[in-house]
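What follows is a single structure, written as structure tokens, with notes after it.
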Amino acid sequence: MEGEAHVCELLRTLENWRNITYFSECKRLCSQWFNIDKRTPRCMRYIDNMSAVNIEKRRYGRLKNFWIIHPFSYFKFLWETLMMVVYAIAFFTIPFMISFIVMDYEVLRLDKVNLFIYIMCWLDIIVTCMTGYYDKKNMRVELNLLKIFKKYLKGYLLVDIISSLPYDHITLFWRKLPGNSSFYEITLINLLPLLKLTRYPTLNDYIFHFYQYFAIEYFYYQLTTTLALGFYLIIWFSCLCYLLPVLMLHFYNIPSTECQDCWMVGLENEGLAFRFQHAFFIVLENLLASGYGVFPPKTDVHIVLNIVLMIFGRFIECYIIIMFLQVKRNSKAAKSKYQEIINQIGAYARQKQLPFQIKNRLLEYYNYRFKENFFRERNIQSILSERLRDEIAMQSCRRLVENVTLFKNVPQDILKSIIKNLKFELYLRNDVIIRAGSIGDCMFFLSIGTVSVLTPTGKEICHLHDGAHFGEIALLASDQKRVATVIAIDISEVYRLDRKDFRKSVAVHSELLSSIERIATERIERTAIIEEHHKRFIMRSSFAHDEARRRSKTS
């Protein structure tokens, strides 16, 4: 119509397309950084094969809220590394600034150093509310937002919120110096950031994951955490040594000039470093029980603190000695036995003149089987009761029971009988588990790993992953030959069920037996069809090759 401005629909369409493209790119980046990553320590600890990692990736990809962070993601590991540094700084700066700045008895001061720490802690609260967690009871990663929040609420949420606020800035209007009828509540509120010290176990966890990622030995982790604990305890007690007399001035409403027995009163003209140095040496001398330092205790609070420090000093000394002895003993127990076995393998390979490739496969097998810590399973289980052995077997095969479809509706007594007769076997990459044409006397259940199924002529039929089973065809009739070859693609943990145990535990359950027979029949037919097609393909290729050679000769 006349007088109306033209609205370009083409530009609007282009703008919408840009918005969609931008959203898609954000979603792709979030999926790349927030999805599970096999390199992270938690992923290597709880998920030890690529098949399970891929399943978890596909599960994460189906989430509606693409901004949820997977607990095994690389972003989570980087954030934990950053927060490890933040906590390491905060555990020094927060008690120091509260004791020597916020609670200063001469001038009302503000803590500006820890504002960055508080900002990082609030960001950590947001990240934690967006990050899933590993449910050890159900052995799965929980990515539901409501459950994540409930889990955090039962843990550190309230502590993190309360300890991440700058109360000295908030309560500045009501704060007063000692002797001016200061409010007890305001004084106590300004001490709330000290609750952040309860996060010290979290710092230890982050250090552990950091060392694990860079494959640093556990010995160094124990050494680091022991020395760090000793350092922080001395710092915290030094701050407490200065803070307690100041709190006494507030609670008893005594001006600092009237407290002649307070040890820090004579240091008004000295700087913070000098005051902290005196408090540090007072604590150190009391912990070592070498004296009282420059300021002998006069007030009751100071005397009680000195007694506590002397007693606590003995505990710290005993703890450090015990920790060092334990670190030394643990570092030479299972690992030394494992190293002894590795040395024996080396000697065995040299004596038998084994090729370098076979020697490496032997070492790879022992490394995966024992995780660098040797143990004798038979010796351990020999002293256990039968019931306890059955419980351990059920727990060890829990993932297998959950993944194998055949076991879903099997009665508990038959399931226990099957698991009791299963025998664990470990296969390395390219190991032949079953060879076509050989006589079969057992079937296999794949617990962890990936295997390839091939026809007798080498045509690949499919890949089998966690929870699959194979080899059951040979158990349906005596002297039955294997119809396919099965090769391990990845390091695979399988459980073998022999023919006699198959008859004793499986054949008694008609539904389970019929399911196995049906699956076996389908696999036989599928293998036969694929094999026939592959043979025809080979014959055609051979005929075409002979024809080409004949023509080349005639020409």
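Just so it is clear, none of the values below were taken in a lab; they were calculated from the coordinates. What you see is a predicted model, and the numbers here were worked out from it, not measured in a lab. With ideal geometry, Cβ positions are generated from the backbone for all residues, glycine too; neighbour counts draw on all protein chains shown.
A few points about this structure:
- Sparse-neighbour loop sites [chymotrypsin sites (Phe, Trp or Tyr not before Pro); segment 26-109; at most 13 other C-beta within 10 Å; DSSP]: W67
- Computed over the alpha-carbon atoms, segment 8-214 gives an Rg to Rh ratio of 1.11, Rh here being the Kirkwood radius from the mean inverse distance.
- Of the trypsin sites (Lys or Arg not before Pro) in segment 106-163, the ones in a loop by DSSP (not H, G, I, E or B) with at most 12 other beta carbons within 10 Å are K112, K136, K137.
- In segment 140-215, a dipole from Cβ-located charges (positive for Lys and Arg, negative for Asp and Glu) runs towards its positive end, and of I148, V159, Y184 it is I148 whose Cα lies farthest in that direction.
- Lys/Arg +1, Asp/Glu -1 at C-beta; segment 8-214 dipole; positive extreme among L197, F214, F91: F214
- Label-to-label distance, nm, for residues given as I162 and N144 (7 Å Cα→Cβ offset): 2.9
- When each of K76/K359; K154/K423; K57/K154; K150/K420 is checked by Cα-Cα distance, pairs over 32 Å: K76/K359; K154/K423; K150/K420
- In sequence order, segment 413-419 has phi-based couplings of 5, 5, 4, 5, 5, 5, 5 Hz under the Karplus curve 6.51 cos²θ - 1.76 cosθ + 1.60, θ = phi - 60°, and Gly or Pro positions carry x.
- Loop-located chymotrypsin sites (Phe, Trp or Tyr not before Pro) in segment 195-239 (DSSP state not H, G, I, E or B) with no more than 13 neighbouring Cβ atoms inside 10 Å: F214.
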